[in-house]
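Input: a single structure, listed below in structure tokens.
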Amino acid sequence: MDTQRSLFFCLCILVAQSISQETLLPLLYLMKRLERPMGRALTSKVSPRNIHQLEQMLLNTSFFGHNLTLQTNSIQSLVFKLDCDFSGLSLSSATMANVSQAWAPHAMQFPAELTKDSCVTSRPAELRLICIYFFTAHLFQDDSNSSLLNNYVLGAQLDHRPVNNLQKPINISFWHNQSLEGYTVTCVFWKEGASKHSWGAWSPEGCYTEQPSPSQVLCHCNHLTYFAVLMQLSGDPVPAELQEPLEYISLVGCSISIVASLLTMLLYAHSRKQSDSITRIHMNLHGSVLLLNVTFLLSPQMALPTVPKSVCIALAATLHYALLSCLTWMAIEGYNLYLLLGHVYNVYIHRYLLKLCMLGWGFPALLVLLLLVIKSSVYGPYVISFSNSQDNGTGFQNVSMCWVCSPVVHSVLVMGYGGLMSLFNLVVLTWALWILCRLRIREKALSPWAYRDTVMVLGLTVLLGTTWVLAFFSFSVFRLPQLFLFTIFNSLYGFFLFLWFCLHRCHSDAEAKAEMEAVSSSQMTH
């Protein structure tokens, strides 16, 4: 009799193992398949189908015991058997078995209310709670290429029914290995069908964000789905209703500047003083302005999910190069102005224009190429957030453009570089105005020479170079006025140059005509 019982027990173990293997192998194969990187177009079609298939298989799988854990390199699936006497459940990566130490800590807490609606009408013998943790974000890419904390997506589902509007929320904790100071963090959930180009989008509805410590984010959400934490560089949020006016101003201003720059360069090309170095410096400045405006208008279009990321990286690098080149040519204009006003006699510099072109075009190219070689990921889709007030708090409406993604590079080679060039032009402007004031005092009136250089100083330095100083007033009460002033002045950058050129040319023509009349009258008297 004991022998029969032993045989029966061994047979049960063998049957259980065979059932387990037959059940688990398809699940593990599907999880492995979800780990494979795919293109965006393929991800938006395959991912939802495979994820839903994984959910159904987990809900229907047979296993012994009260819970089941499956794990691959970047996905972990957990299944729990619950009943109507459910008193709550706390899951933590610190207590889970087989959790890789390389993964950042995370936790989920489910309230006792979770099974309440399921047990109101009937008392099922068993309820299934599944938790799927994705330690990679490539399956949940939205149209804005949003940045997620640790690239973690934690999801949960109860049986085959939705769970919404819980009185006591589900608590999801995320920890980071560094302080999150300097970032705005927002708890979001994956909302299927909320996007045109992806299978869903991140939404903050029904979630409340809390930061108990600089390295922890605590999400309180009243429903079950897939959760994550959006990371954005801190800054005073811009209201969403201002997005359309700012985009309209940029589009119109840059379009006008493109036409103005092209027209100015054509007029320069047909000028009688084509060999003049000053004229050629102006042409190079207009060329950099033209490149800057064209790449800026193309940048949002190339950041769309349908466009390959390599194209966006290339355009972002070109836009950064155009900005650095434009700032450099502004500083060159300031330096040339210093030579004109600071030296009574002409200063000859061997191959002056060639050296200026190497500085104006070559130096920015060297910086950008160096960044691409060291780490090309500093360029790519950059997310700009607009705050959108909702009933349950503040959400974010994201707009993407191809631009510098690295905060360090942005601080040093955008803000820092622009600040140095603007400071140099401000010093030159102050010095030039001091020279002109001395001339006014000396001559008791402004001579035509003084008028000409006043126009040049104001045109090249005040209207153009120094308007970039507005970028440093993006804080507190100055932020919204600064946004509009910066957008207006710098999108119309090329147009202001065109106005200055027309005014300067009319003044030069008037002077030339006056000189010719003076010469002809003197010849007639003789």
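The values are calculated or read from the model by the stated rules, or taken from the named source; none is laboratory data. Owing to the predicted nature of the structure, the values given are computational and were not obtained by experimental measurement. Cβ sites come from the backbone with ideal geometry, for glycine too, and all protein chains shown count toward neighbours. The area values use the complete protein model at the heavy-atom level, side chains included, leaving out ligands, DNA and RNA. Shrake-Rupley method; radii C 1.70, N 1.55, O 1.52, S 1.80 Å.
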> Hey, among the residues in segment 112-123 that are open to solvent by 20 Å² or more (accessible area, probe 1.4 Å) and of a type outside the set (A, V, I, L, M, F, W, C), which one's nearest to K168 (Cα to Cα)?
Replying inline: E113
> With respect to the numbered conditions (1) touching a residue at least 40 places away in the same chain (Cβ under 8 Å); (2) assigned to a helix (DSSP H, G or I), which one is the sole condition not fulfilled by L304?
Replying inline: (2)
> Applying the selection to segment 69-90, what residues are in a loop (DSSP other than H, G, I, E, B) and open to solvent by less than 50 Å² (accessible area, probe 1.4 Å)?
Replying inline: T72, S74, C84, F86, G88
>> Please count how many residues of segment 169-206 are among the aromatic types (F, W, Y) and touching a His at 6+ places or on another chain (Cβ under 8 Å).
In response: 3
>> Here is a check on your reading of the model: is S277 of a type in the set (S, T, N, Q), open to solvent by less than 60 Å² (accessible area, probe 1.4 Å) and at pLDDT below 90?
In response: yes
> Counting only residues that are open to solvent by less than 30 Å² (accessible area, probe 1.4 Å) and within 18 Å of H176 (Cα to Cα), which one in segment 219-232 is nearest to the chain's Cα centre (by Cα)?
Replying inline: Q232
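So that you can scan it fast, the table gives a plain yes or no per residue for (1) surrounded by fewer than 18 Cβ atoms within 10 Å (Cβ to Cβ); (2) of a type in the set (A, V, I, L, M, F, W, C); (3) modelled with pLDDT of 90 or more; (4) not in a strand (DSSP E or B):
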residue	(1), (2), (3), (4)
A125	yes, yes, no, yes
Y133	no, no, yes, no
S144	no, no, no, yes
T186	no, no, no, no
K196	yes, no, no, yes
E205	yes, no, no, yes
> Are there any pairs with C-beta distances below 6 angstrom linking a residue in segment 476-504 that is at pLDDT below 90 and surrounded by fewer than 20 Cβ atoms within 10 Å (Cβ to Cβ) to a residue that is among the aromatic types (F, W, Y) and assigned to a helix (DSSP H, G or I), with the two at least 6 apart or on different chains, and if so which?
Replying inline: Q482/F473
> Restricting attention to segment 169-184, which residues are open to solvent by 10 Å² or more (accessible area, probe 1.4 Å) and modelled with pLDDT of 90 or more?
Replying inline: P169, N171, S173, W175
> Filtering segment 146-163 down to residues that are closer than 21 Å to S195 by Cβ and part of a loop (DSSP other than H, G, I, E, B), which residue is most open to solvent (accessible area, probe 1.4 Å)?
Replying inline: P162
> Only one residue in L262, L251, L285 is over 20 Å from the mean Cα position of the chain (by Cα) and more than 26 Å from L369 (Cα to Cα). Which one?
Replying inline: L262
>> Out of N222, N284, I need the residue that is touching a residue at least 60 places away in the same chain (Cβ under 8 Å) and of a type outside the set (G, A, S). Which one?
In response: N284
> Looking at L426, L413, L470, L436, which is the one that is of a type in the set (A, V, I, L, M, F, W, C), modelled with pLDDT under 75 and either open to solvent by less than 60 Å² (accessible area, probe 1.4 Å) or assigned to a helix (DSSP H, G or I) (or both)?
Replying inline: L436
